[in-house]
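These notes concern the structure reproduced below.
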Amino acid sequence: MQTHASAEGEQLRPLRVGIAGLGTVGAALVRILTQDGDAIARKLGRRIVVSAISARSRSRDRGVDISQFRWFDDPVALARSEDIDLYVELIGGEDGPALASVTAALENGCPVVTANKALLARHGVTLAKAAEATSAQLGFEAAVAGGIPVIKTLREGLGSASITRVFGILNGTCNYILTRMGEEDIGFDACLKDAQALGYAEVDPTFDVEGFDTAHKLAILTSLCFETEIAADQVFVEGITRITQADIKVAADLGYKIKLLGMARKVENGIEQRVHPTLVKKSSAIAGVDGVLNAVSLETNHVQELLLAGPGAGGEATAASVLSDIFDIARGTQVPPLGVPSSHLVPCTRAPMRAHEGGYYIRLNARDVPGALAAIATRMGESNISLESVIQRPDLRANESGPEAENSRTVVLITHETIESAVREALGRIAKDGFIVGEPQLIRIEEF
């Protein structure tokens with residue numbers, strides 16, 4: 001399907017866009033394309049027009065007039081329509097209408113723009129192959145980090161630079177909750193309720209707070225950074241639901257903030273992909289990214305560290321990223337969807353998470369009995385773990401309750417660099433000794 005032409009007169013032919021999904025992002029995109037049509041035409045030398053739309057409800061008030069556009073009940077029919085030159089999928093979901101319609105469009109040679117990270121995390125390689133088979137562009141800037149142009153940076157902006165590590169804050173809901181917990185003396189549950197009231201978190205927030213949203217985005221970034229097939233099922237995932245005010249306060253006293261980070265790097269035995277709460281120095285650039293903002297840091301052999309930060313969610317910001325992909329397609333920009341031809345992608349071999357090396361923050365509820373701390377320190381030494389500091393905080397108590405918890409005290413251990421498997425082995429022995437109450441809290445420390 002031709003979306004641009006070489007002849008001067010043909011360049012002014014409008015690019016006809018079909019949009020499926022009229023939620024917050026879809027409605028914002030329709031509004032931008034309608035209101036900013038003249039400005040867009042000046043930049044591109046051609047107009048971009050909404051030609052047809054599809055959504056679950058035709059009568060719902062979205063704050064924008066949709067009566068002027070052709071309506072499709074079936075997004076697959078819209079994707080195959082001869083009335084559009086480009087298909088925008090904003091339905092959501094990794095399967096169902098989203099997958100069926102995107103596949104239909106690409107097989108028909110129609111370019112596609114999507115904001116659907118779940119779809120790409122599960123079917124990205126297959127869709128990239130479908131796009132390449134028909135020379136149809138596939139844009140997904142809005143699928144990762146909202147309004148931050150990280151996909152374009154990775155696909156086009158780094159030249160021959162090799163990525164050595166990628167990490168970042170990829171979920172605004174979690175970042176908002178951890179920021180609020182750090183700034184105010186309130187717990188996780190109260191922060192989550194506020195996030196839901198403000199529209200930052202869903203009614204069922206599991207996908208966000210348990211880290212799965214971040215994992216999907218990280219898997220896409222990993223593919224672009226290391227030329228591997230997308231492997232969301234190979235990401236170690238740990239959410240923020242166990243973070244307490246005790247953790248927040250002790251971390252702050254030690255000069256750290258707690259952030260939910262997604263991190264990936266290539267190591268000798270494969271690709272390490274992990275999502276988990278992390279202690280980062282307050283002086284680091286990533287620690288200054290608060291609230292609902294996102295950030296992605298790229299470490300390369302040419303430009304050292306590149307930090308991209310900005311709004312990670314919201315209708316306008318995400319719609320702006322969708323629009324940037326539409327602009328590229330309107331200009332005729334053609335790049336492999338995953339940075340290199342899909343035939344060049346290699347399987348993503350998972351590096352063992354338990355082999356991760358670094359410092360660790362360990363919070364324990366130790367029984368208030370003679371010899372407990374000495375026994376804990378001994379077990380750490382037996383696993384060749386060197387302790388940087390041991391902090392007793394009787395003023396702080398985690399979520400444990402009952403008579404045993406009343407006769408315990410919060411103890412925080414900060415280790416020097418060690419292997420995670422050794423830490424977990426030592427904690428297992430400490431638990432068997434009976435000197436702690438409840439489950440230990442383990443948070444990795446990263447030096448950026």
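The values are calculated or read from the model by the stated rules, or taken from the named source; none is laboratory data. Every value quoted in this text rests on a predicted model; they were computed, and no experiment measured them. Glycine also receives a Cβ, built like all others from the backbone with ideal geometry; neighbour counts cover every protein chain displayed.
From the list Ile163, Ile91, Ile84, Ile177, which one is assigned by TED's automatic domain parsing to the domain that holds Thr300 and touching a strand residue (DSSP E or B) at 6+ places or on another chain (Cβ under 8 Å)?
Values: Ile91 fails: assigned by TED's automatic domain parsing to the domain that holds Thr300; Ile84 fails: assigned by TED's automatic domain parsing to the domain that holds Thr300; Ile177 fails: touching a strand residue (DSSP E or B) at 6+ places or on another chain (Cβ under 8 Å).
Within the list Ile163, Ile91, Ile84, Ile177, the selection yields Ile163.
For the condition under 24 Å from Phe207 (Cβ atoms), within 17 Å of the chain's Cα centre (by Cα), small (Gly, Ala, Ser) and assigned to a helix (DSSP H, G or I), what is the one hit in Ala313, Ala295, Ala317, Ala309?
Details: Ala313 fails: assigned to a helix (DSSP H, G or I); Ala295 fails: assigned to a helix (DSSP H, G or I); Ala309 fails: assigned to a helix (DSSP H, G or I).
Answer to the check: Ala317.
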### Query
Can you pull out the residues in the stretch 227-257 that are under 17 Å from the mean Cα position of the chain (by Cα) and surrounded by 22 or more Cβ atoms within 10 Å (Cβ to Cβ)?
Ile230, Ala232, Val235, Gly239, Ile240
### Query
Within the set of pairs 6+ apart or on separate chains, which have a first residue in the stretch 141-168 that is within 21 Å of Ile286 (Cα to Cα), a second that is among the aromatic types (Phe, Trp, Tyr) and not in a strand (DSSP E or B), and C-beta atoms under 9 Å apart?
Ile151/Phe140; Ile163/Phe226; Val166/Phe226; Phe167/Phe448
### Task
Considering each residue of the stretch 1-25, count those that are surrounded by 13 or more Cβ atoms within 10 Å (Cβ to Cβ), small (Gly, Ala, Ser) and at pLDDT below 95, and give that number.
2
### Task
Pick out, from the stretch 184-229, the helices (runs of 4 or more DSSP H) lying fully within it that include 1 or more residues that are in contact with a strand residue (DSSP E or B) (Cβ under 7 Å, 6 or more places away or on another chain).
212-226
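In the stretch 202-246, what count of residues is obtained for those that are among the small types (Gly, Ala, Ser) and touching a Cys at 6+ places or on another chain (Cβ under 9 Å)?
Qualifying residue count, the stretch 202-246: 5.
Would it be correct to say that Val335 is outside the structural domain of Gly270 (by TED's automatic domain parsing), in contact with an Asp or Glu (Cβ under 7 Å, 6 or more places away or on another chain) and not aromatic (Phe, Trp, Tyr)? Talk me through it step by step, then tell me what you get.
Values: outside the structural domain of Gly270 (by TED's automatic domain parsing): yes; in contact with an Asp or Glu (Cβ under 7 Å, 6 or more places away or on another chain): yes; not aromatic (Phe, Trp, Tyr): yes.
For Val335, the condition - outside the structural domain of Gly270 (by TED's automatic domain parsing), in contact with an Asp or Glu (Cβ under 7 Å, 6 or more places away or on another chain) and not aromatic (Phe, Trp, Tyr) - is met.
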### Message
Can you tell me which condition Gly92 does not meet? The list is (1) without any contact (Cβ under 8 Å) to a residue 60 or more places away in the chain; (2) more than 20 Å from Arg331 (Cα to Cα), and all the others hold.
### Response
(1)
### Query
Do any strands (runs of 3 or more DSSP E) entirely within the stretch 70-170 hold 1 or more residues that are modelled with pLDDT of 95 or more and surrounded by fewer than 16 Cβ atoms within 10 Å (Cβ to Cβ), and if so, which?
70-72
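For the stretch 108-140, enumerate the residues that are over 25 Å from the mean Cα position of the chain (by Cα) and over 16 Å from Pro336 (Cα atoms).
Within the stretch 108-140, the subset over 25 Å from the mean Cα position of the chain (by Cα) is 108-110, 132-136.
If the condition is that a residue be over 25 Å from the mean Cα position of the chain (by Cα) and over 16 Å from Pro336 (Cα atoms), then Asn108 is the only one that fits.
Any idea which residue in the stretch 203-225 is farthest from Thr300 (Cα to Cα), counting only those that are without any contact (Cβ under 8 Å) to a residue 12 or more places away in the chain and of a type outside the set (Val, Ile, Thr)?
Of all residues in the stretch 203-225, those without any contact (Cβ under 8 Å) to a residue 12 or more places away in the chain come to 203-204, 206-207.
Restricting the remaining residues to those that are of a type outside the set (Val, Ile, Thr) gives 204, 207.
Working: Asp204: 37, Phe207: 30 Å.
Checked the stretch 203-225; the qualifying residue farthest from Thr300 (Cα to Cα) is Asp204.
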### Summary
Of (1) farther than 30 Å from Lys193 by Cβ; (2) at pLDDT 95 or above, Gly270 fails just (2)
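Looking at Asp61, is it assigned to a loop (DSSP other than H, G, I, E, B), under 17 Å from Ala105 (Cβ atoms), among the charged types (D, E, K, R) and out of contact with any Phe, Trp or Tyr (no Cβ under 7 Å at 6 or more places or on another chain)?
Working: assigned to a loop (DSSP other than H, G, I, E, B): yes; under 17 Å from Ala105 (Cβ atoms): no; among the charged types (D, E, K, R): yes; out of contact with any Phe, Trp or Tyr (no Cβ under 7 Å at 6 or more places or on another chain): yes.
So Asp61 fails the test.
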## Note on the structure
Note on the stretch 29-58: residues in a loop (DSSP other than H, G, I, E, B) and either aliphatic (A, V, I, L, M) or closer than 19 Å to Gly315 by Cβ (or both) are Asp36, Ala55, Arg56, Ser57
